[in-house]
Amino acid sequence: MSEFTLPPNSKVSEGKHWALKSPAKHVKSFRIYRWDPAKNATPTLDTFEIDRDHCGPMVLDALVKINDQIDPTLSFRRSCREGVCGSCAMNIDGVNTLACLTPMDSLKKGTSQITPLPHLQVLKDLVPDLTGLYAQYELIEPWLQTDQPPPDRERRQSPEERAKLDGAWECILCFCCSTSCPSYWWNQDRYLGPSILLQSYRWLADSRDQRTGERLDRLEDPFRLYRCHTIMNCTKTCPKGLNPARAISNTKRMMAERG
C-alpha cells in the first residue's frame with residue numbers, strides 16, 4: 001500500500017487569537033498565515049480582530065495597523081499603497097490581489113483569510129520568494145533593443161503603433177496572474193507564466209524594437225510559451241484589469257505567422 005506524507009512545514013495549525021482589548025461596534029477579523037524560518041515550528045493561522053472605526057478602509061490598512069499596534073513581527077511587503085508597485089500582492093479570501101486596492105467592505109462577512117501568493121516558497125509570513133520570477137523576467141531582456149543610433153529626442157511612433165502597447169505596459173509585476181495559473185504551479189522551472197509572457201509581448205508589439213526575431217527565438221520552446229492552456233485564471237485575477245491570456249495568444253500568432 002502506498003503511503004503519502006506532506007513535506008515539512010506544510011501542515012498549517014491554528015495559531016494565536018489576538019482579540020480586541022475593548023468592545024467595538026464594527027469589528028473585522030482576519031486569519032493570517034504566519035511562518036518564521038528562524039523557528040522550528042509549522043505554519044499557523046493567527047486570528048486578529050480590527051476595530052474598523054479606527055482603521056483605514058483597505059486591507060493593507062488593516063495589516064499596517066496589526067503591525068504597528070498589535071504584533072510588530074508580522075511581515076509583509078508594501079510600498080506605494082496606490083496599486084502601482086505590486087509589492088502587497090497576496091491571496092485574500094482565495095483571490096490573488098493587491099491589499100492596497102482591496103476595500104474591507106468588499107470582503108466576505110465574518111472572518112477573512114490572508115495567505116501569501118500560492119505555490120511559491122515563503123520567506124516569512126506573507127512574503128513569498130520572487131527570485132525565480134525575477135530571473136525569468138531577466139531572461140526576456142525587457143528593454144528596447146535597436147541598431148539605430150539614439151535620436152535627438154524621442155523615438156517616434158504613430159498613434160496606431162502606440163495603441164498596440166495598451167494592456168501590456170500597465171503590468172506592475174505583482175505576479176498575481178502567474179501564481180494563479182495551474183500551468184505555472186506545476187512547471188514554473190520551465191514555463192515563463194502569464195506575467196512574464198505579458199511583459200515579453202510588450203516588447204514584441206513595440207514598433208521601435210528591432211529584435212523581434214531574437215525575442216521569438218527565445219520563446220521557441222515546448223514549455224516557455226506553449227505550456228499555456230488558456231485557463232484564463234490570469235485574466236480573471238489581474239488587479240489591474242489586464243488580459244495576459246490575450247498577450248500570450250498574440251505571441252503564439254506571431255510565432256505561427258513567421259513560420
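The values are calculated or read from the model by the stated rules, or taken from the named source; none is laboratory data. From a predicted model like this one, the values you see are computed outputs, not experimental measurements. Cβ coordinates were reconstructed from backbone atoms using ideal geometry, including for glycine residues, and neighbour counts include every protein chain displayed. Remember, those area values only see protein heavy atoms, side chains included, never the ligands or the DNA or RNA. Shrake-Rupley method; radii C 1.70, N 1.55, O 1.52, S 1.80 Å.
Each row is one residue, and each column tells you yes or no for (1) under 13 Å from the mean Cα position of the chain (by Cα); (2) assigned to a loop (DSSP other than H, G, I, E, B); (3) among the aromatic types (Phe, Trp, Tyr); (4) surrounded by fewer than 17 Cβ atoms within 10 Å (Cβ to Cβ).
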position	(1), (2), (3), (4)
ASP61	no, no, no, no
ASN67	no, no, no, yes
PRO72	no, yes, no, yes
CYS80	no, yes, no, yes
GLN113	no, no, no, no
Among PRO182, PRO103, which is the only one that is modelled with pLDDT of 95 or more and under 22 Å from PHE76 (Cα atoms)?
PRO103
Test of understanding: among ASN96, ASN9, which residue is closer than 29 Å to SER178 by Cβ, modelled with pLDDT under 95, in contact with a Pro (Cβ under 9 Å, 6 or more places away or on another chain) and not small (Gly, Ala, Ser)?
ASN9
Mind checking whether some residue in the range 137-156 is open to solvent by 70 Å² or more (accessible area, probe 1.4 Å), farther than 14 Å from VAL59 by Cβ and part of a helix (DSSP H, G or I)?
yes
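This table checks each residue for (1) open to solvent by 30 Å² or more (accessible area, probe 1.4 Å); (2) aromatic (Phe, Trp, Tyr).
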residue	(1), (2)
LYS21	yes, no
PHE30	no, yes
ASP36	yes, no
ARG77	yes, no
SER87	yes, no
ILE92	no, no
Would you please list the contacts, defined by Cβ atoms under 8 Å and residues six or more apart or on different chains, that run from a residue in the range 151-169 that is under 23 Å from VAL84 (Cβ atoms) to a residue that is among the polar types (S, T, N, Q)?
LYS164/SER207; GLY167/ASN243; ALA168/GLN199
Over the range 225-241, the set of residues open to solvent by 70 Å² or more (accessible area, probe 1.4 Å) and among the charged types (D, E, K, R) is LYS236, LYS240
Filtering the range 174-202 down to residues that are open to solvent by 30 Å² or more (accessible area, probe 1.4 Å), over 21 Å from MET254 (Cβ atoms) and part of a loop (DSSP other than H, G, I, E, B) yields GLN188, ASP189
Exactly one of these conditions fails for VAL122: (1) β-branched (Val, Ile, Thr); (2) more than 29 Å from ARG218 (Cβ to Cβ); (3) open to solvent by 60 Å² or more (accessible area, probe 1.4 Å). Give me its number.
(3)
